[in-house]
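Novice: Below are the structure tokens for one structure; questions will follow.
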Amino acid sequence: METLQDRYRAVADRHGVVWESVCAPGFEDRLKDLEKCLADQNVPHPIPREKANAYFEAAKSGEPFRVGTLSDLTVDLGKYSNAQHYDSYTFEQHLSWACLIAEQQRSKHRYACREYMHGEELFQIGGSVIPDFYQLNARIFQQTLWQLSTVNMIIPAELFFTCHSRRFFPVTTFMRPLEQDYLQEPDIGHDVAGHVSTFTIPVVAQLMQNHGLARNMIYQERDDALARTSDHKRRSEIERRGDELLLYAERIYWFTVEFGLVSQDQETRAYGAGILSSPGETRFSIDSNRPTRILIDPSSDRDLLRLATTDYLISEYQKTYFVIRQFDLLQSITPQRIVRLAKTAAKLPHFSWRDLVPGDRVLQVGESAVSTNEKYLRLAFHSLDTHCEQGDACLTRTAIRNLRIFAKNPNATAELSELLGSQIAPVPAGILDWFTPRDAAGEFTQETRPMSVGQGD
Ligand SMILES: [Fe+2]
């Protein structure tokens, strides 16, 4: 009869994991390693002695790691607060980490950009056991001034980006079930094995913080507006607008920090954490001819607006990836530009994750690519019970959102065309006449606000 140990050994073999290496260090060994790490002066940002001492004493007392305490900044995670109880991880959880890392390493060595691999080496991420956050947090701080804060679930985007503004990255503490490749909700495999190495790419780390600072600007403006009115309806509108602007800002984060590709040595390489935490998506994003790949210049307002106006789903591999030529170009994505383009996006019709837009520099046309009008046709003709293929949830909600904008502003397509510097086709004749009375009758009750990036994703 197969024992649990037989099963574990078979899983380890399948992923090329050395069985003996899946052995978590005990408390005393972790403390010794931490002491050595904290004393390291040969790093870009050595830890001041008083901070290091207090940090070490907390670890020594057995207090579980919660939020990094190596800078003068902190974050209040409220009900999302969590802690890493390192000794509570089971062997199966460590094995799950080891298998994921082994698979990731195979795909990362082939598909990750140089800078990302350098980050992995610096942070010593590729081990066979789940990292101890006391030590990992210290290493990250020494290299980048970023720190970790542990959370118990996906946190609201607003809090996620507040953390970013103070150089804290929220991480979960749970590990995905054995041999699971793609997760909709982030785990340590995504947050740590995927994200953490990107912090060592200085422009990506800065871009992450810039998103945090953009969040601060959006919510400061919201709070100022709220302070000027006590009208309930008006206050709700102001709050909704703040959340909406953050959503469009998040899309820039999504298509770069999470799912960005970079051209390197005449090849396409990945730097996005959402890609690199999934070995399957890593291969898919670069080698497959199924997704669309589009070259962008982040310093161009046209291309950044393209990102801010592009909706996506988080439930499957992406349909479109955006490729940058070099990392330096990300420097241009300042908090001010993020906010400005999010505000512009709020007024415009949007694209779905399948749309090919006139003016796009298309490197690869994916199998599910469609023209910008396809979403309206699918919405209308599928509803009329013809043989028209139904759109996915992203196409449907984008079509509904846009048709509502067109109903209010007949010039919306012309405005979008002008901002993108290319001619976007008007909505097919008759679609708006078909849509408007049905919408007024409440036929389209689908959620038109996409899910938020939130913590991790
Ligand atoms: Fe993520």
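Novice: Which order do the peptides 262-268, 196-202 take when ranked by the mean count of other beta-carbon atoms within 10 Å per residue, highest first? Working shown, then result.
Specialist: Working: 262-268: 14.3, 196-202: 22.4.
The densest-packed peptide leads the list: 196-202, 262-268.
Novice: Can you list the trypsin sites (Lys or Arg not before Pro) in the stretch 203-252 that are in a DSSP coil and have 16 or fewer other beta carbons within 10 angstrom? Spell out each step's value before the answer.
Specialist: Details: sites: ARG215, ARG222, ARG228, LYS233, ARG234, ARG235, ARG240, ARG241, ARG251; in loops: ARG228.
Counting only loop positions with at most 16 other Cβ atoms within 10 Å, the trypsin sites (Lys or Arg not before Pro) in the stretch 203-252 are ARG228.
Novice: Sticking with this structure for a sec: Using the Karplus equation 6.51 cos²θ - 1.76 cosθ + 1.60 (θ = phi - 60°), what ³J(HN,Hα) coupling, rounded to whole Hz, does each residue of the stretch 360-366 give in order, writing x for Gly and Pro?
Specialist: With the stated coefficients, the stretch 360-366 comes to 5, 8, 7, 8, 8, 8, x Hz.
Novice: Want the number for GLN331 to GLU239: 0.36 nm per residue separation, take away the alpha-carbon distance, what's left?
Specialist: On the way: separation 92, 0.36 × 92 = 33.12 nm, distance 2.97 nm.
30.1 nm is the gain from fully extending GLN331 to GLU239.
Novice: Under 1.5 on a/c is rounded, so check that first for the stretch 206-440, then, if it is not, pick prolate when a/b is larger than b/c and oblate when it is not; a ≥ b ≥ c are the square roots of the alpha carbon gyration tensor eigenvalues. Present the calculation step by step, with values, prior to reporting the outcome.
Specialist: Values: a/c = 1.80, a/b = 1.07, b/c = 1.69.
The shape class here is oblate.
Novice: Run the helix sum for the chain: -39,500 (n - 2.57) per DSSP H stretch of 4+ residues, divided by residue count, reported at 222 nm to the nearest 500 deg cm²/dmol.
Specialist: Numbers: 17 runs with 215 residues, N = 457.
Result for the chain: -15000 deg cm²/dmol, rounded to the nearest 500.
Novice: Also, I was wondering about something else. Between the stretch 130-191 and the stretch 315-338, what's the alpha-carbon centroid distance in Å?
Specialist: 21 Å
Novice: Another one. Order by neighbour count: THR309, THR398, fewest other Cβ atoms within 10 Å first, most last.
Specialist: On the way: THR309 24, THR398 29.
Ranking THR309, THR398 by Cβ neighbours within 10 Å, fewest first, gives THR309, THR398.
Novice: Related question: Just rank TRP19, TRP254, fewest to most, by other beta-carbon atoms within 10 angstrom. Walk me through the numbers on the way to the answer.
Specialist: Values: TRP19 14, TRP254 23.
So the residues, fewest neighbours to most, are TRP19, TRP254.
Novice: Where does the Debye-calculated log10 I(q)/I(0) of the stretch 297-427 sit at q = 0.15, 0.19, 0.22 Å⁻¹, using only Cα point scatterers of equal weight, no solvent?
Specialist: These q points yield log10 I(q)/I(0) values of -0.75, -1.18, -1.49.
Novice: Under a plain spin-label model, where a point goes 7 Å from the Cα along Cα-to-Cβ, how far apart in nm are ALA227 and LYS79?
Specialist: Between ALA227 and LYS79, the label points sit 2.7 nm apart.
Novice: Here's a follow-up. Which of the peptides 24-33, 419-428 is most tightly packed, and how do the rest follow, judged by the mean count of other Cβ atoms within 10 Å per residue?
Specialist: Details: 24-33: 13.6, 419-428: 16.0.
Final packing ranking: 419-428, 24-33.
Novice: When VAL43, VAL257 are ordered from fewest to most other Cβ atoms inside 10 Å of their Cβ, what list results? Walk me through the numbers before you get to the answer.
Specialist: Numbers: VAL43 14, VAL257 24.
Least to most surrounded, the residues fall as VAL43, VAL257.
Novice: Cα-based count: Lys pairs in the chain below 15 Å, eight or more positions apart or different chains? Working shown, then result.
Specialist: Values: LYS32/LYS60; LYS36/LYS51; LYS36/LYS60; LYS51/LYS60; LYS319/LYS375; LYS347/LYS408.
Within the chain, the lysine pair count is 6.
Novice: Using the Cα gyration tensor of the stretch 130-220, with a ≥ b ≥ c the square roots of its eigenvalues, what is the shape: rounded (a/c below 1.5), prolate (a/b larger than b/c) or oblate (neither)? Let's see the in-between values first.
Specialist: Working: a/c = 1.95, a/b = 1.33, b/c = 1.46.
It is oblate, given that a/c is not under 1.5 and a/b is not larger than b/c.
Bear in mind that the values in this text are calculations on the coordinates, not laboratory data. What you see is a predicted model; the values in this text were computed from it and never measured. Methodologically, a virtual Cβ is constructed for each residue, glycine included, from the backbone with ideal geometry; neighbour enumeration extends over all protein chains shown.
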